[in-house]
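Participant: Encoded as structure tokens, here's the structure I'll be asking about.
The values are calculated or read from the model by the stated rules, or taken from the named source; none is laboratory data. This one's a predicted model, so the numbers in the text were calculated from it and none came from an experiment. Please note: Cβ atoms are built from the backbone with ideal geometry, for glycine as well, and neighbour counts cover all protein chains shown. Areas reflect the complete protein model, heavy atoms only, side chains present, ligands, DNA and RNA absent. Shrake-Rupley method; radii C 1.70, N 1.55, O 1.52, S 1.80 Å.
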Amino acid sequence: MLEVCVVGFGALGSFYSFALERSGQARVTAVCRSSYETVKDHGLDVDSNVLGKYDAWRPYRVVASTQEAADRQYRFVVCTFKALPDVISTPDLLGPLLDHGDSFVLIQNGVGVEGALRRRLPMTTIISGCAWIDATIVEKGRLLTQYGPERLTLGVHPLTDGKPEEESLEILTDLLLKGGTTPEPESDIVAQRWRKVLWNVAYSSLCTVSRATMRELLAEPHIELVNATIKEIMGEIILVARMSGIHTGTLLEDEAVDIIRRVKPTDFKPSMLVDLEANRPIEVEVILGEVVREAAEVGVPVPRLQVLYTSLKAIQHKLLANRRQSQL
Ligand SMILES: NC(=O)C1=CN([C@@H]2O[C@H](COP(=O)(O)OP(=O)(O)OC[C@H]3O[C@@H](n4cnc5c(N)ncnc54)[C@H](OP(=O)(O)O)[C@@H]3O)[C@@H](O)[C@H]2O)C=CC1
Ligand SMILES: CC(C)(CO)C(=O)C(=O)O
């Protein structure tokens, strides 16, 4: 049995833990925070389009802290907490687990999420993943719901000396396939992250600043205006990516057209809006901040991204202030 530690037992943490254990070849130590008592005492109900239904599932081990988890070596330490470098860096959050992982796996949105961990662990394998999935934890941590399809693009983040390490990626892909999910190994995960950030910068930001569901954002009276704005926002990101030498398999321009064609006016809320409504910090730095900083680095003007970034920074400021207030 392979030992796996999953830090952040929310929507994606519990979904991929369930899949990993379903492979029959891995056992998961789940590091929980607010859901610790619930998961330990009652387990988790799963209602997933991809993985099926299950009542009161418990991972192999449930612990309340990274300290408690750090009593053994793990083949994979999987990070499925929100990427919030303006709140806490990934190495600081992982704490003692940094010395207990053969490979670290980041399943998070945004670009540049690997940076801080790579600087702390220059020669350790980091697998980076972008999930295309709609999953949520409801009923105070008791129920995982997952709608529609699931896809997880995975790739090895380059080691500092540029040497590729593919074995861990093969093992992880195999476990996830056996567990019933759809991992897609990619040779250039940085490019994949830029493809995904097109969606998140455009739709997550606009839905969050306007507090609109996709149906409200894409409503008939203003759909043409929204689509034109989305194209301009994506155009800025594409220019930054091009100037930064990001090489995607297909043209980012084609990807953008495809994304706009595929989005549906449903009641879906991007995870950034879900976080805002739940008074939780939003992933503004890894979704917008990194792109805006890269734009400055390569000298590309990004006026539309600046406006979105500034608005979301102000929202984040309020969310963090509320949080400090409630902790007093
Ligand atoms: N949900 C989705 O459908 C999708 C999510 N993503 C991305 O995947 C990543 C994970 O998202 P998601 O699963 O939705 O997030 P959730 O908010 O559902 O889960 C995050 C979990 O991490 C926990 N956590 C945070 N800090 C710590 C800590 N210090 N120690 C232990 N646990 C901690 C949280 O605990 P607590 O409850 O106490 O805050 C929470 O349970 C994000 O980057 C997101 O953008 C990408 C595509 C789709
Ligand atoms: C693109 C999407 C909806 C996941 O598939 C997402 O990343 C999010 O809600 O933040």
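Participant: Any idea which of (1) part of a loop (DSSP other than H, G, I, E, B); (2) of a type outside the set (A, V, I, L, M); (3) crowded, with 18+ Cβ neighbours inside 10 Å is the one residue 150 doesn't satisfy?
Facilitator: Checking residue 150 against (1) part of a loop (DSSP other than H, G, I, E, B); (2) of a type outside the set (A, V, I, L, M); (3) crowded, with 18+ Cβ neighbours inside 10 Å, the one that fails is (1).
Participant: Please find, among 106, 152, 117, the residue that is within 9 Å of ligand 1 (Cβ to nearest atom) and touching a helix residue (DSSP H, G or I) at 6+ places or on another chain (Cβ under 8 Å). Step through it out loud before you land on a result.
Facilitator: Details: 152 fails: within 9 Å of ligand 1 (Cβ to nearest atom); 117 fails: within 9 Å of ligand 1 (Cβ to nearest atom).
Selected residue: 106, the only one of 106, 152, 117 that is within 9 Å of ligand 1 (Cβ to nearest atom) and touching a helix residue (DSSP H, G or I) at 6+ places or on another chain (Cβ under 8 Å).
Participant: Taking the residues in the stretch 281-324 that are outside any helix (DSSP H, G or I) and away from ligand 2 (no atom under 15 Å from the Cβ) as candidates, determine which candidate is most open to solvent (accessible area, probe 1.4 Å).
Facilitator: To start, the set of residues in the stretch 281-324 that are outside any helix (DSSP H, G or I) comprises 281-283, 299-302.
Pick out the ones that are also away from ligand 2 (no atom under 15 Å from the Cβ) and you get 299-302.
On the way: 299: 62, 300: 15, 301: 104, 302: 9 Å².
The residue in question is 301.
Participant: Quick one: would you say residue 54 is open to solvent by 30 Å² or more (accessible area, probe 1.4 Å), away from ligand 2 (no atom under 16 Å from the Cβ), under 30 Å from residue 323 (Cα atoms) and free of Cβ contacts under 8 Å to residues at least 60 places away in the same chain?
Facilitator: no
Participant: So which pairs qualify, if the first residue must be in the stretch 265-276 and free of Cβ contacts under 8 Å to residues at least 60 places away in the same chain, the second must be more than 8 Å from ligand 1 (Cβ to nearest atom) and in a loop (DSSP other than H, G, I, E, B), the Cβ gap must be under 8 Å, and the two must be at least 6 apart or on different chains?
Facilitator: Once the first residue is free of Cβ contacts under 8 Å to residues at least 60 places away in the same chain and sits in the stretch 265-276, its partners that are more than 8 Å from ligand 1 (Cβ to nearest atom) and in a loop (DSSP other than H, G, I, E, B) give 265/218; 265/219; 266/213; 267/213.
Participant: Taking the stretch 126-169 on its own, how many of its residues are closer than 18 Å to residue 30 by Cβ, at pLDDT below 90 and not acidic (Asp, Glu)?
Facilitator: 3
Participant: Out of 240, 291, 257, 263, I need the residue that is away from ligand 1 (no atom under 14 Å from the Cβ) and closer than 30 Å to residue 138 by Cα. Which one?
Facilitator: None of the others qualify; the one that does is 263.
Conditions (1) among the polar types (S, T, N, Q); (2) farther than 29 Å from residue 313 by Cα; (3) touching a Pro at 6+ places or on another chain (Cβ under 6 Å); (4) not assigned by TED's automatic domain parsing to the domain that holds residue 158, marked per residue:
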residue: 63; (1), (2), (3), (4): no, yes, no, no
residue: 76; (1), (2), (3), (4): no, yes, no, no
residue: 79; (1), (2), (3), (4): no, no, no, no
residue: 100; (1), (2), (3), (4): no, yes, no, no
residue: 105; (1), (2), (3), (4): no, no, no, no
residue: 108; (1), (2), (3), (4): yes, no, no, no
residue: 120; (1), (2), (3), (4): no, no, yes, no
residue: 130; (1), (2), (3), (4): no, no, no, no
residue: 133; (1), (2), (3), (4): no, no, no, no
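Participant: I'm checking my understanding of the structure. Among residues of the stretch 96-143 that are in contact with an Asp or Glu (Cβ under 7 Å, 6 or more places away or on another chain) and over 20 Å from residue 290 (Cβ atoms), which one is nearest to ligand 2 (Cβ to nearest atom)?
Facilitator: Filtering the stretch 96-143 for residues that are in contact with an Asp or Glu (Cβ under 7 Å, 6 or more places away or on another chain) and over 20 Å from residue 290 (Cβ atoms), the one nearest to ligand 2 (Cβ to nearest atom) comes out as 133.
Participant: For residues that are surrounded by 16 or more Cβ atoms within 10 Å (Cβ to Cβ) and within 26 Å of residue 316 (Cβ to Cβ), tally how many sit in the stretch 257-270.
Facilitator: 5
Participant: Next question, about the same structure. Among the listed residues 218, 225, 273, 206, identify the single one that is in the same structural domain as residue 312 (by TED's automatic domain parsing), open to solvent by 10 Å² or more (accessible area, probe 1.4 Å) and closer than 17 Å to residue 309 by Cα.
Facilitator: Result of the check over 218, 225, 273, 206: 206.
Participant: Between a residue in the stretch 219-236 that is among the acidic types (Asp, Glu) and any residue that is at pLDDT below 95, which pairs come within a Cβ distance under 9 Å, given they are 6 or more apart or on different chains?
Facilitator: 220/265
Participant: Restricting to helices (runs of 4 or more DSSP H) lying wholly in the stretch 222-280: which have 3 or more residues that are touching a helix residue (DSSP H, G or I) at 6+ places or on another chain (Cβ under 9 Å) and closer than 30 Å to residue 321 by Cα?
Facilitator: Numbers: elements: 223-243, 252-262, 271-277.
Qualifying helices (runs of 4 or more DSSP H): 271-277.
Participant: Further, regarding this structure: Counting only residues that are in contact with a Phe, Trp or Tyr (Cβ under 7 Å, 6 or more places away or on another chain) and in a loop (DSSP other than H, G, I, E, B), which one in the stretch 99-120 is least open to solvent (accessible area, probe 1.4 Å)?
Facilitator: The qualifying residue least open to solvent (accessible area, probe 1.4 Å) is 111.
Participant: Are any residues in the stretch 6-50 more than 11 Å from ligand 1 (Cβ to nearest atom) and more than 22 Å from residue 149 (Cα to Cα), and if so, which ones?
Facilitator: 24, 25, 26, 27, 28, 29, 37, 40, 41, 42, 43
Participant: When residues of the stretch 66-95 are filtered for being open to solvent by 40 Å² or more (accessible area, probe 1.4 Å) and more than 16 Å from ligand 2 (Cβ to nearest atom), how many remain?
Facilitator: 12
Participant: Another question, if that's okay. Which of the residues belonging to the stretch 140-175 are without any contact (Cβ under 8 Å) to a residue 12 or more places away in the chain and at positive phi?
Facilitator: 162
Participant: Additional query: Which condition breaks for residue 75 when tested against (1) under 21 Å from residue 34 (Cα atoms); (2) touching a residue at least 40 places away in the same chain (Cβ under 8 Å)?
Facilitator: Of (1) under 21 Å from residue 34 (Cα atoms); (2) touching a residue at least 40 places away in the same chain (Cβ under 8 Å), only one is false for residue 75: (1).
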